[in-house]
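All remarks here apply to the structure that follows.
The values are calculated or read from the model by the stated rules, or taken from the named source; none is laboratory data. Bear in mind the structure is a predicted one, so any value in this text is a computation, not a measurement. A quick note on method: Cβ atoms are made from the backbone with ideal geometry, for glycine too, and the neighbour counts reach across all protein chains shown. Heads up: the accessible areas ignore ligands, DNA and RNA and are worked out on the full protein's heavy atoms, side chains in. Shrake-Rupley method; radii C 1.70, N 1.55, O 1.52, S 1.80 Å.
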Amino acid sequence: MMRTLRCGELRTEHVGQTVTVCGWVNKRREHGEHLAFVDLRDHSGVVQCVVDNTVDVRSEYVLAITGTVRLRPEGTTNPELSTGEVEIHEATVEILSAAEPPVFPMDERADGVDEMVRLKHRYLDLRRARMQRNLRVRSQVNRSIREAMYAQDFVEVETPLLMPSTPEGAREFIVPARQRPGSFYALPQSPQLYKQLLMVGGLDRYFQIARCLRDEDLRADRQYEFTQLDMEMSFVDVDDVLDAVEVAVLDAAEAVTGVRPDEVARMTWHDAMERFGSDKPDLRFGMELVELTPIFADTGFKAFSTAGSIKGIKVDGGAADYGRNKLDNLTDEAKSFGAKGMVWLKVEADLTFNSPVAKFLSEDESRAIVSAFDAAEGDLILIIADEWSTTCEVLGELRNRIGRPPVSEGPYKYLWVTDFPLFVGVDAQTGQPRPGHHPFCHPHPDDIDKIADDPMSVRALAYDLVLNGWELGSGSIRIHDADLQRQVFAHLGISDEEADARFGFFLNPFRYGAPPHGGFAFGIDRLAAILAGEDNIREIIAFPKPQSGLDPMTLAPNEVDDRHLDELGIRVLPPAT
Ligand code: ASP
C-alpha cells in the first residue's frame, strides 16, 4: 500500500505515529522562513502537513507525504476539519504527479461556475466534496436496493440492450444493424417485455439495476439514460408488489439518511386528482383543492353555470402578496395549463370579496364559498371552472407554482398512487386512446366488463410511487392472458395483425402457460438526488448530459466516417433547411 491512512482519518489517537497519506494539494501556504503548510486532500477529507518550503508543489499536485502526527500547537486547531486537532510534521514529500492550475476551485465556489465548464472538466468536478458525497450516496442506494432484493429472494438477471422497439410511449434510440442494412435495434426504454417473459420462464422474482434510454427532451429530472430498479414477481397481487418495492426504497432511504421513513401513504389516482390536482401530489404542503360545484348548481354567473366542475384553492393570507400584475400572470399561467380563465377572490374584513367577479356572485354563493374554504380576512382564493380533469390539473399546477418547496427540501413524503386509469386522453396523431401507463397493465377486475363500452372509465391495477412531488416510478399487475392483451391493443389502435407482427414474440409465449404477474420500476437517479439534497439528477450522475444532449467533455454525439456508414448502408442527408 502506498499509504497507511486516508487524509481525513487522522485523529489525536495517531499522535506520535509515522504515517503516509496520498492525495491532491488542496492548498499551500507559506509558514515562516523555511516551512510551508500543505493541505492534502483525498475523498475522505483534508489533513494539514508541515513541509520544507523548498519543495515545489502547487494546487492539485498529487503527493505522497510521510511524517509524524502531532497535536497542532495551541490556538491553531480547526474545529471545521475532522482532522483539525492534528497535523503531520517533519514531512517528506514525494511528487506522484504535477498538475496544471485547476480550471475552477475544488470547493463550493465551483457551484457558481457555469455548468458546461463543470461538465467539460467533470473529472475535476468529481474531486469536489459535493460530488464525492453524491456518488457515494448513489452507491449506497444501489447497494441497499440490491441487498433488499436479494433478501426477498429476487434473482438478478441482465436483459438485452439491443432489442426490438416496444410500445412504451417514449421515443427510442435506435442502432443500425450491420448484418441487415436498413434494420435497426432499439435500445431499451425499459426491460418491460423481457421481464414479463422471465415470468413466463418461471424465474418467479426478477430484478435488475437497469439502464434505460429514452430520447426525450432533457430536464432537471430527466436524462437520455437513466437507471431503474426494475423488478417483476409471479403469483402476486398489488399489495405484494408495493410491499416488496417499499422495503427496497425505505432501506435505501434509511441507509443514506439514518432515519427510516414512516410507512408509505396510499391514495387512489382519483383522490389524488380530486385533492391535489396531480397524479404525483407533493404532500409536504396543504393547499388542497376544495369542491365548489354544488354551490353553483343554480348560479346566474355564466362562467360557472356551464362548467362541469368548479374547484378552488386558498392561499392563506395571500391577498396582500398578490397584486394585480401577479394575478394577471397567474391567470396567464392558468390559461397556458389549459384553463379558459381563472377567478380570483380576495377575502375582505367582513368576509365579502374584492374581485372583478364579486358582483356576479349571490350573497348565498359568497357565504358558501367562505365556509367551504374556511376563509378569513386576507386570504386569496383561486377558482377554476371547466371539465373535471382540466379543473383539477390546472389547480394542481397553480398549487405547485404557489406552494411547492424545492424537491429536496423539507421532510420526505412518500406516497403510493394506485388505480390509475387504463386509458388516458386521445393521441393527437392517431385519434386513439393512449395507455395510462403502458399497454400491458391489467384492467381493474371490477371494471373489466366496461372495457368494450366505456373504456375511458376503466381503472388499471397500476400504481406510481411519488416522493416530494417527483414520480419515482411506476408499475402494475400485468395482463397474462393473450386475448385480453389483444383486446387492450385493439383499443389502442393496434390490430391483431400488427400485434402479431410487432409483438408476436411477446404474445405467443403467453399461450404456453403464463403465471399471473406484476412488477415495478423506479428511478434510482431521482431517489438518490432527493436523498442527497439535490434538485437536479445531473448532480447525482458521474457523467451526465447537459440539457442540449451534447457532451462538452467527449463531444458526443460525433460524426462517424463514411466507411463505417457504408458498412451500415446509411447515407446522411444534409441538414434540413
Ligand atoms: N416498464 C415500466 C417503466 O419503465 C415500469 C413497469 O411497469 O414495471 O416505467
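Surface listing: His89, His31 arranged by accessible area from highest to lowest gives His31, His89, probe 1.4 Å. Rounded to the nearest 20 debye, the dipole magnitude of the stretch 372-509 is 480 debye, with +1 charges on Lys and Arg beta carbons, -1 on Asp and Glu beta carbons, and the Cα centre as origin. Note on the stretch 226-376: dipole from Cβ charges, positive end direction compared against Trp344, Ala375, Thr268; the farthest Cα belongs to Trp344.
In the context of the full protein assembly, Leu289 retains an accessible surface of approximately 20 Å², using a probe radius of 1.4 Å and ignoring ligands and nucleic acids.
Pick out, from Ser97, Leu193, Thr159, the residue whose Cα sits farthest towards the positive end of the charge dipole of the stretch 87-221, with +1 on the Cβ of Lys and Arg and -1 on the Cβ of Asp and Glu. About the Cα centre, the residue reaching furthest to the positive side is Leu193.
Straight-line cross-link reach from Lys120 at under 18 Å between alpha-carbon atoms covers these lysines, not counting any fewer than eight positions away in the same chain: Lys545. Counting every pair of alpha carbons in the stretch 502-575, the share spaced more than 18 Å apart comes to 71 percent. Cα centroid separation, the stretch 291-338 to the stretch 390-420: 19 Å. The overall shape of the stretch 103-220, judged from the alpha-carbon gyration tensor, is oblate: a/c is not under 1.5, and a/b is no greater than b/c. Remark: the stretch 407-494 is approximated by an ellipsoid whose semi-axes, taken from the C-alpha gyration tensor as √(5λ), come to 27, 15, 11 Å, largest first. Once ligands and nucleic acids are excluded and a 1.4 Å probe is used, how much of Lys302 is accessible, expressed in Å² to the nearest 10? The accessible area comes out at roughly 150 Å².
Sorting Leu555, Leu467 by accessible area puts them as Leu555, Leu467; the probe is 1.4 Å, largest comes first, and only protein heavy atoms count. With 5 Å bins beginning at zero, the pair-distance distribution over Cα atoms of the stretch 391-540 amounts to 2, 9, 15, 16, 17, 14, 11, 9, 6, 2, 0 %. Which listed residue (Gly436, Ala244, Ile145) has the Cα farthest towards the positive end of the charge dipole for the chain, taking +1 on Lys and Arg C-beta and -1 on Asp and Glu C-beta about the Cα centre? The listed residue farthest towards the positive side: Ile145. Counting only whole DSSP H helices of the chain, the ones at least 27 Å long by C-alpha along their axis and with mean Kyte-Doolittle hydropathy no lower than -0.5 are 238-257.
When only the Cβ of Lys, Arg, Asp and Glu is charged (+1, +1, -1, -1), the dipole of the chain relative to its Cα centre reaches about 1320 debye. For the stretch 1-151, the extents of the C-alpha atoms along the principal axes are 55, 39, 31 Å, listed from largest to smallest. The distance from the alpha carbon centre of the stretch 93-110 to that of the stretch 479-496 is 60 Å, rounded to a whole number.
In µm²/s, what is D for the stretch 469-536 at 25 °C and 0.890 mPa s, where D = kT/(6 pi eta Rh) by Stokes-Einstein and Rh is the Kirkwood radius from Cα pairs? For these conditions, the coefficient is 169 µm²/s. How much accessible surface area, in Å² rounded to 10, belongs to the heavy atoms of Thr331 with a 1.4 Å probe? Roughly 20 Å² of Thr331 is accessible to a 1.4 Å probe. Give the separation of the Cα centroids, the stretch 191-259 to the stretch 344-379, in Å. Using only Cα atoms, the two centres lie 48 Å from each other. Cross-link reach is defined here as a Cα-Cα straight distance under 25 Å, omitting same-chain residues fewer than 8 places apart; for Lys335 the lysines meeting it are Lys280, Lys302, Lys311, Lys314, Lys326, Lys346, Lys359. Computed from Cα atoms alone, the Kirkwood hydrodynamic radius reported for the chain is 28.1 Å. Using the 1.4 Å probe convention, the accessible area of the chain works out to 49 Å² per residue with neighbouring protein chains retained.
Accessible area per residue (1.4 Å probe, heavy atoms of protein chains only) ranks Glu397, Glu74 as Glu74, Glu397, with the largest value leading.
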